[in-house]
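Worksheet: one structure, shown below.
The values are calculated or read from the model by the stated rules, or taken from the named source; none is laboratory data. Quantities reported herein were computed from a predicted structural model and do not represent experimental measurements. Because the Cβ atoms are built from the backbone with ideal geometry, glycine has one as well, and the counts that use them run over all protein chains shown. Protein only, heavy atoms only, side chains kept; ligands, DNA and RNA dropped before computing areas. Shrake-Rupley method; radii C 1.70, N 1.55, O 1.52, S 1.80 Å.
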Amino acid sequence: MRKNIGLILVFIFIVLFLYTLSAKKVVPIPDDAVHFDMTDEKLCLDCHGEGKENPLKKSHPPKYQCLKCHKMKRTK
């Protein structure tokens, strides 16, 4: 019986841990004139590339997959 309770607790811990990892907040693409109709990830690096106006942090994940995480935020 104790073995089963231990396994259940480990399972619950793993599920909660995976849930917290998946709950990361990703900044949406702004709904402004600059980002309007942004569909090509190569255009992102024009402003967010190294040495540009708004460079990405060094710790940012792959810099060529912007639209995989960041989605358009439409308010209209």
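Listed here are the residues, each with its yes/no results for (1) without any contact (Cβ under 8 Å) to a residue 40 or more places away in the chain; (2) in a loop (DSSP other than H, G, I, E, B); (3) over 17 Å from the mean Cα position of the chain (by Cα).
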| residue | (1), (2), (3) |
| --- | --- |
| 15 | yes, no, yes |
| 19 | yes, no, no |
| 25 | yes, yes, no |
| 57 | yes, yes, no |
| 63 | yes, yes, no |
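Residue 6 meets the conditions (1) at pLDDT 85 or above; (2) over 18 Å from the mean Cα position of the chain (by Cα); (3) under 19 Å from residue 69 (Cβ atoms) in every case but one. The failed one is (3).
Residues that are open to solvent by 100 Å² or more (accessible area, probe 1.4 Å) and under 30 Å from residue 47 (Cβ atoms) within the range 6-26 comprise 24, 25, listed in sequence order.
Which is open to solvent by 80 Å² or more (accessible area, probe 1.4 Å) and either in contact (Cβ under 8 Å) with a residue 12 or more places away in the chain or among the hydroxyl-bearing types (Ser, Thr, Tyr) (or both), of 73, 52, 68, 3?
Numbers: 52 fails: either in contact (Cβ under 8 Å) with a residue 12 or more places away in the chain or among the hydroxyl-bearing types (Ser, Thr, Tyr) (or both); 68 fails: either in contact (Cβ under 8 Å) with a residue 12 or more places away in the chain or among the hydroxyl-bearing types (Ser, Thr, Tyr) (or both); 3 fails: either in contact (Cβ under 8 Å) with a residue 12 or more places away in the chain or among the hydroxyl-bearing types (Ser, Thr, Tyr) (or both).
Criteria check complete, one pass: 73.
Of the residues screened, residue 37 is one that is assigned to a loop (DSSP other than H, G, I, E, B), without any contact (Cβ under 8 Å) to a residue 24 or more places away in the chain and either of a type in the set (S, T, N, Q) or open to solvent by 90 Å² or more (accessible area, probe 1.4 Å) (or both). Looking only at residues in the range 40-49 that are under 12 Å from residue 67 (Cα atoms) and acidic (Asp, Glu), the one that is surrounded by the most Cβ atoms within 10 Å (Cβ to Cβ) is 41.
Residues in the range 1-13 that are in a helix (DSSP H, G or I) and not polar (S, T, N, Q): 2, 3, 5, 6, 7, 8, 9, 10, 11, 12, 13.
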